[in-house]
Every structure is written in structure tokens, then in C-alpha cells.
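K.L.:
The structure under discussion is supplied below as C-alpha cells; questions concerning it will follow.
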Amino acid sequence: MIDRLRRYRRFFGANVDEDIDDELRLHLDLRAADYVARGLDPTKSLRAARERLGDLDAIAAQLRDHDRHAERTERRRDLMDDLWQDVRYALRSLKRAPAFAIVAVLTLALGIGANTAVFSIVDAVVIRALPYPRAEQLTSLDGSTLAEWARIGELSRSFSSVATYRDASVGIAGSATSASASADPERVDASNVSANLFSTLGVRPELGRTFVAGENAARSSNVVVLSHGFWVRRFAADSNIIHQTVTIEGAPYRVVGVMPEEFAFPSHDIKVWLPITVPDSRGGMFWGDGGYQVIGRLRNGVSAAAAQQEIRQLYSKIRLENPIWTPGPEYMVRARVKPLQERLVGTARTTLFLLLAVVGVVLLMACANVANLLLVRATARTREVAIRMALGGGRLRLLRQLLTESVVLALLGGACGVLLAWLGIHGLLATLPSDIPHVADVGIDGRVLAFTTSLTVLTGVLFGLLPAMRASRTDVQRVLRSGTRTAGSTHQRVATLLVCGQIGAAVLLVTSAALLVRSMWALHTVDPGFRTASVVTARLSPPKTEFSDPTTIEPLVDELLRHVRALPGVQDAGAVNQLPMSGTVGKLAMRIAGQFEDMKQGTLPWADHYQFITPSYLSTMGIPIVAGRGFAATDIAKSPPVAVVSASFARHFWPHGNAVGQRIGNPWPSDWITIVGVTKDARLDSLNGTSQEAVYRPFAQVAPTSIFIVARTTSDPAALAASLRAAVAQTAPDTPVSDVERMAAVVDRSSARQRFTMVLLSLFAAIALLLGVVGVYGVMSYSVAQRTREIGVRMALGATPLDAMRLVLRDGARLAMWGVIAGVLVAALSTRALGSLLYGVTANDPVTFVSVALALGGIALLASYLPARRATRVDPTRALRAE
């Protein structure tokens, strides 16, 4: 009997197993007693009762399942009823305090909205798995030449397939057989790929087929695969496009496939895929033509670490096969095998995770603000809580109620935050650098909503737990006996710690933003070494079949430049194969006469910037000749090869002599090139580039496949574009004209990553600063309210209003001081992560740290001023009369 009573007093309810055993035992005893009453022997009656009831074990199992299910259902129903009751009570409670609810919801909306917006970008770019079968097996390998790709594919046993690709751009001039094709020539982004790239990725085309083995051969027929978007836009989604031809670089290409709409490799910019041309002879071009990306699919059961170890061993063998030069023993000893997604995302990963950490700090500050509000609210509700506990409300039940209010508040803030994120994502996308991949996939989808919901609930628990625990520890007797709403010093200490943390976080974010602003200003003041504002650029894409050597390209460029110079407002014009700061300025290993002449040893120095230009290019761009001469009309294909080098290049290799007259050479057997002039240094890769060593060659002596017209003009770029297209249409009708823009826009784009980080970090720092100011104001206001009686006593004893103001401002200054000190210490350790984004300023720049510390300390004091001013208006008589 005692055991049974103990069982029913269990906190978590009755014991189902013992209940069923008791019930069956009761039925068995009653049946046996009935048999005994009928005259059956007691021993036999129990056996007969068992036979009458049947298989007791089976019956017990069925009853246990039934009762457990019923108990779970009832508990779930009770829980939902209690939860719904708590939610209704929370909503009524928030409705009675609209000012508190609005401030808390807006504060949370800022924090949650910022996290949602940034996470939507991080998820699309970094976290989401690549949309390919068994994407975890896809890896990126270190390697840059056709030879390295081919030999790894032949020798490796860790990969089931090894493919390669290289980004390019091609001119398309319509279609020979498709009536639905657009006729206007255009230049589009393309990718030259190995035939097995699509099978390595595990994708199939929507129409037709992809490339097959043999179509990488040098004399293979020209074939092309189209992206879905390009097929729809240019060919009006013609279902008969397969086997029709399009003109690419002046040659007919047969369309063999159209990829699915969701396929975008290596980026959404790619419109067409062309097969790589692998030379029949494994000679110089096979080993020397670089710029290729190598990817592989791991075999089942092979880890990336094992594959990496094998690749490093293979490179020790492959380097000895190079017929051009023999790389040193250190070549590729640290070759890596890493996930393909990591290669595609590149350095954007660091930037985006940095921003995610920043918005995480902003959310913590929002939580601290709301926690302070809840602590103040809990003080105001002390008597209500005490009465509920006196009427039988348990501590756990009260804790659950208060946490429910916090989560409801967080959910309201989360809903508003999602709306803010949805409105703000478009602005974020507009500021994203163009080199960040998968931007088209950014949006508020199910994954982002799941993240936001989880974050919202966690946030509700995070900022609500401390106030709820403090409220649930209310001393019922003391509160009911005193009849006052006192908070004590503990609440003030907790609130002070929270606000100190907010000020510290604001110091961290504002310092980081200030460093980036100073860095961008330093970049803005950098002299690139060439004209920007008055120069307009345009890209030309003459078909390679018609313009493939200097004898054909030179007349075309001369004719176009003549037309451009004749346009209204144009002062001068020139041409270059790649624009400065466009991210595509080439580099090339160089032989230096008398210094580096042995091509076989792999120790040749590099010309970091290698450009082909017309004679008028340097004057158009405002890059002066400081020694020797520039290119002349006599520097043609039949004349001796010449070059102009930058001052940095000249100082590097001839520090004590004159570079004019010296000779350099290509890293393959060829004639020496004589240096005829030296230019002033110019920044050709970026404003914060570390190298300004450049080599210029004349257009007339080479055959560049890419041509950019640069014109110094006072006219509008749009008007120049129309005139240039008309001139090109007369001279070379199948030549697309694209990318018409000011050179200043090209320079600005080179620092887009730093600008994007600066803008967002500055925005979040401003939000953090606002939250910090609100936190200081709230704490100081509460402090004044709690110390009203004390201030009244002081003033009754002779203290002046100015003394009362000093008292409050002193507390505010102490609060600001500790918060600023903590923030400076954390910032000194954390801002090192910004090192790669800074220029002209160090990560621990003392001027920035001191300025931010003083500024935020002053702002915190200003936030304390209004509460301090309120303290001067305390009426001593009323303060002393109040309880």
C-alpha cells in the first residue's frame, strides 16, 4: 500500500507498467474468487482464472501501449493548453505596456534582421552544398597548366576523374542557320573546359549532349554548349537549336547541348562552354600555357588528405618531365587538395564570416538592451509576482511563464527582422563585389527562415533567462510586507555589466569601421599613375579567324583609333590588350640578358604586369616616359622587337645603370627584346598593389586577342559608345563592342571588396552605437529613478542641483570608462583580422583607437546628461514623503 501511494505521488505521473500489472492482478483475483464461490478448489480456481483471461503477457503489452499513448496524448494536450495560456497572457501583458513592447521589438528587429540578411548571403555563397551529385567528393587541385592536368589524370589513383577549365570571353556574331537568333554581335563570358568536366561534376544537359572524348583534340570540329539563360535570351529558347551553328570568334561552332537552368559553373556569368584545345605535341604550349583550374572527383573511400599526399608525390615526378624548364625541388611541395566550393568562393569566405561575426555582436547588444528592459520591467512587476507565488504559483511555473513572454517578444522581433532583411537584401546585393559567386541564389528561403526561427527562439531564451530567474527568486514575505517595488543593488550591478559590455562592443565595431574608412580614404588619395576621370574605355572583340596576327590587327586598330580621334570631344586615343586594375593584367616570366638566361632552371623572374599597347596609349593614359623613348610607328612586326619598362622594373634589374638599351626575352626560345624606354610607375593591378614592375610591348609586334580602346574625352560615355559601335560596324561588322565605361569606374571596382566591407561594417557599427547609447540612457534613467529618495535627502541637507547632476554624471563617466577600456582591449586583439583589408593604416593604429575611445566616452556622457538633468529637478519634499 505504501509503495502504491509513493508511486502515485511521483512528480512525472503514474507508473504505467505497475498500473497495468495491478489492474490485471485485480481482474485475476476477482475471477478466481468467483470460481471459489462456485465451489472450485482455490488452487484450481487461480489456474482456471488464468485460462479464462487468456495470454496475460500479450494483454499487458497491448494495455501498456494503449495507456502510454493515451498518457502522452494527454500530456501533450495539457502542455499545449498551458503553452497557449502562457502565450495569451504574454500578449495581454505586452499590450498593457506598449512602449516597452515597441522599443524591445524594434531593438530585436534590428539585431535579428541584420543577422538574417547577412546569413542569407553566407548560406548561398559559403554554406550551401554545391548542386552536384556527391558534391563532397568534388575537390580543387593545385595546378595551372594543361600538362599538370593531363599528367595528374593519368597518374593519380585517388581520383575517379580529373577535369580542368579556364575562364575566357568570346565574341558571338549571331547564327548561320537559326532564324530565331539575335543578329547583333556581343561579347560574353565563356569557359574553356576539358571534355570530361560535365561528367566529373555529374551533370546532364537539358537538350542535346555535352562534350565527348576527342573533342579536345587540336583538329576536332568546333562545338559549343550553351547556358539555359543565354539560350533563352539570344536564341528565344529555340527547341531546334541542337546541331545549328553560331559564329564564335569568326568561326562556325555547332551547338551540341543546352545546360539546365540551375547549372552555373564556375559562376552564373558563364554563357557558353567551349572545349579546350589540347595540342597534339606535348611541347611548349602544353607545359607553358597556364591559368587553368584543376578539379577532381575523389574515389569512394579516399580522403582529401590521402589524395593531397599522393598529389605532392606526383609533382616531384611531373616537374622533371617539363621540357621548357625544370622547377626546383620545392615546386608544389605544399600542393593542396581542398573542397571545390572553397576554391569557387575564394577570399569571399573570410569577408562574409567577418560580417556574420559583426552582426552576431550587434545581436548580443540588442539582447543586452532587451535584458535591461526586462530587468526594469521585472522590478515594476515585483508585487504582481509575489502575489502569484503567494497564491500557489510554483517557481518553475513562473519561470516558464516569464520565458514564454521573452520568446513571444523575440518572435515578434524576429518577424519584423525578417521583413527588414527582405527589404535590405536588395541593397546588400547592390553593394556586393562582382567577384562573389552564387549571388543569384541569395534570398529569404526555407533554410534562412529556419535559421532565423532558431536564432529568434535562442535570442528569446538568452535575454529572458536572467530577468526570469531573478523575478522567480522574489522574497514573497518581504515584498508583501513592505508593499514596495525595490530592486536592490544586484539589479543595478547586472544592468551596469550589461551596458559596459554594450559600450565595449560598440567600441570594437566603431574602431573596426573607422579603420576601414581611413583605409578607403587612403586608397582614394592614392595616385594610380595614370588618368582616370577623363578617360573612357571600350572593349572590342574582333573575330580571331579574321584578326589573328599583327598584319591584320594593326590596320584594324589604326582605323578604329582614327575614327575615335575624329569624334567630338576626343582629345587622344590608344589601345591596350588589358585595362589596368581590371584583374586581368597578365604576368610573364622573363629572361634578362646577363642575369637570368637559363630557361631550364625555372629561376626566371616575373614581369608582374605584361601589356601590349599602341604608341599613343601611354600619352592617352598620362603615363610619361622618363628615359629613352616610347613606341613609334616604325616599331612594326618586321622591325627588331622592342619594349618599354616601368621605373620599378628598371631599378630592380639595373639598380646602378641605365635600363635603356638592355635586353630582355620571353621564357621560350625567341629573339632578344631591346628596352627603348622607361615609364613612370603606375599601379596596374590595384590601388594597394605591392608591385609596379611592368613591361610594355607594341601592338604591331604581337597579336593580342583582346583589345581595349582608351580615349581621353570630355564627352558622355554613352554617346562615345554609339559612335564607336558605328565606326566598328563600318570597319569590322562582326566585332562586338562592350564594357563602355569611364576608367574611374574600373579603378573603383578594383577596391569593391574593401568598400563593401567598409559600408556594411559602418552600418552595423552605427546600429551598435545606437544600441549602446540607448543602453546607457536606460541604465542611468533607472538609476535616477531608484535614487530619487537619496537625491532628495541630499538636496534637503543642502546639496545643489549641480551637485545632483555631478553625482549622476560621475556614475555615467565610470560606466563609460570601464566599457571603453574593455572595448579597446578587445579591439586591439580583434582588429588584426582586418589586416588584409587595410591600406595605409595599421590594425592597431593609435590615432584611431584614441579617437574612437574619446568619441564614444563623450557620447556615453551625453546619453547620461538627460537623466542627470532630471535629477536636478527632484523635489526634496515629495521625495521624502514618497515611500
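K.L.:
Given H placed 1.01 Å from N in the peptide plane, which residues other than close sequence neighbours of residue 679 have an amide H under 5 Å from its amide H?
P.N.:
626, 645, 646, 647
K.L.:
Using a 1.4 angstrom probe, figure out how much accessible area region 641-720 has per residue, in square angstrom, rounded to the nearest whole.
P.N.:
In whole numbers, region 641-720 has 36 Å² accessible per residue.
K.L.:
How large is ³J(HN,Hα) for each residue in region 614-630, as worked out from phi by the Karplus curve 6.51 cos²θ - 1.76 cosθ + 1.60 (θ = phi - 60°), to whole Hz, x for Gly and Pro?
P.N.:
Taking θ as phi minus 60°, the curve returns 8, x, 8, 5, 4, 5, 5, 7, x, 9, x, 7, 9, 7, x, 9, x Hz for region 614-630.
K.L.:
State the percentage of accessible surface on region 622-727 attributable to carbon and sulfur atoms; use a 1.4 Å probe and exclude ligands, DNA and RNA.
P.N.:
The nonpolar share, carbon plus sulfur, comes to 55 percent.
K.L.:
Still on this structure, I have one more. Over all distinct alpha-carbon pairs, what is the Kirkwood Rh of region 663-805 in angstrom?
P.N.:
One decimal place: 23.3 Å for the Kirkwood radius.
K.L.:
Follow-up question, since we're still on this one. Would you mind getting the accessible area per residue of region 261-383, heavy atoms of the protein chains only, 1.4 Å probe, in Å²?
P.N.:
Normalised by residue count, the accessible surface of region 261-383 is 44 Å².
K.L.:
Amide H to amide H, which residues 5 or more places from residue 607 or on other chains are under 5 Å from it, using H placed in the peptide plane?
P.N.:
588, 589, 590
K.L.:
Normalised by the residues of the chain, what does the relative contact order come to in percent, with Cα pairs under 8 Å and at least six apart?
P.N.:
It rounds to 15 percent for the chain.
K.L.:
Okay, next question. Can you tell me the accessible area per residue over region 82-159, all protein chains present, probe 1.4 angstrom, in square angstrom?
P.N.:
39
K.L.:
If one takes the longest principal axis of the Cα atoms in the chain, at what angle in degrees, from 0 to 90 and to the nearest 10, does the Cα axis of helix 846-871 lie?
P.N.:
Relative to the chain, helix 846-871 is tipped by roughly 30 degrees.
K.L.:
What is the calculated FRET efficiency for residue 43 to residue 64, with r their C-beta to C-beta distance and R₀ = 30 Å, to the nearest 0.05?
P.N.:
Here the calculated transfer efficiency is 0.55.
K.L.:
Pull up all non-local amide H partners of residue 169: gap of 5 or more, or a different chain, and H-to-H distance under 5 Å with H placed in the peptide plane.
P.N.:
For residue 169, the qualifying residues are 190.
K.L.:
State the Cα centre-to-centre distance between region 673-749 and region 297-370 in whole Å.
P.N.:
Cα centres, region 673-749 to region 297-370: 34 Å.
K.L.:
Mind jotting down the distance between the C-alpha centroids of region 839-861 and region 181-259, whole Å?
P.N.:
56
K.L.:
Can you give the net charge of the other residues whose Cβ lies under 13 Å from the Cβ of residue 628, counting K and R as +1 and D and E as -1?
P.N.:
Summing Lys and Arg as +1 and Asp and Glu as -1 gives +1.
K.L.:
Are any of the pairs 317/338; 638/680; 338/544; 271/544 more than 26 Å apart by Cα-Cα distance, and if so, which?
P.N.:
Table pairs above 26 Å Cα-Cα are 638/680; 338/544.
The values are calculated or read from the model by the stated rules, or taken from the named source; none is laboratory data. These numbers were taken from a predicted model, which means no experiment stands behind them. Glycine gets a Cβ as well: all are built from the backbone with ideal geometry, and neighbour counts include every protein chain shown. Quick note on the areas: whole protein, heavy atoms, side chains included, nothing else; ligands and nucleic acids left out. Shrake-Rupley method; radii C 1.70, N 1.55, O 1.52, S 1.80 Å.
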